[in-house]
Amino acid sequence: MRRLSGLVLAGAMLILPAFAQPAVAQQAPQKFTISGDMAVLMVSVKGDKTADYEQVLGKLKDALMKSEAPEAKQQLAGWKIVKTPMPQPDGTIVYLHIITPVAGADYSVLQNIYTVVKDPTEQKAIYDQYVGTGAKNLSLLTGSVALDMGK
């Protein structure tokens with residue numbers, strides 16, 4: 001009887017994994033790409049968290065400077081950020097990201113930082129700081145340059 005139950009147990013151990021749900025493969029985060037000649041990304045941030053948001057942007061700049069991605073330096077050269085002086089009616093401050101897009105480049109703030117910051121504890125701290133700012137994309141306007149007044 002012991003031998004039979006041992007065989008049943010061994011058989012179950014071999015067969016049951018075949019019926020188990022396959023593990024869901026962890027998907028790579030989606031890239032945030034921008035098309036067109038020019039883009040304006042409007043992001044609102046809690047009024048009392050602008051210093052935190054700007055610290056995260058500083059980490060983004062540092063990450064792009066250290067990045068080995070060939071497009072990172074081009075992203076830096078074509079990315080300006082303007083802070084509006086007056087709060088919105090809800091108390092948030094709007095940041096305008098004025099971007100000359102690099103085709104195929106990832107403009108995701110956290111993903112760019114994570115390419116350089118590898119320590120999970122530090123990544124979590126940056127994530128918490130970023131989320132705490134309440135940063136919310138309001139709109140993304142993209143297009144082609146109709147007329148360059150400087151030329």
- Assess whether A146 counts as being hydrophobic (A, V, I, L, M, F, W, C) and modelled with pLDDT of 95 or more. no
- Which pairs do you get when a residue that is in contact (Cβ under 8 Å) with a residue 24 or more places away in the chain and of a type in the set (D, E, K, R), found in the range 96-117, comes within reach of a residue that is surrounded by fewer than 18 Cβ atoms within 10 Å (Cβ to Cβ) and in a loop (DSSP other than H, G, I, E, B), reach meaning Cβ atoms under 7 angstrom, with the pair 6+ apart or on two chains? D106/K31; D106/F32; D106/T33
- Message: List the residue pairs whose Cβ atoms are under 8 Å apart, where the first residue sits in the range 30-57 and is among the aromatic types (F, W, Y), the second is surrounded by 19 or more Cβ atoms within 10 Å (Cβ to Cβ), and the two are 6 or more positions apart or on different chains.
- Response: F32/D106; F32/Y107; Y53/V45; Y53/Y95; Y53/Y130; Y53/T133; Y53/A135
- From A77, A72, grab the single residue that is out of contact with any helix residue (DSSP H, G or I) (no Cβ under 6 Å at 6 or more places or on another chain), at pLDDT 55 or above and either more than 18 Å from Q123 (Cβ to Cβ) or β-branched (V, I, T) (or both). A77
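The values are calculated or read from the model by the stated rules, or taken from the named source; none is laboratory data. Keep in mind that this is a model prediction, so the values were computed, not measured. Cβ sites come from the backbone with ideal geometry, for glycine too, and all protein chains shown count toward neighbours.
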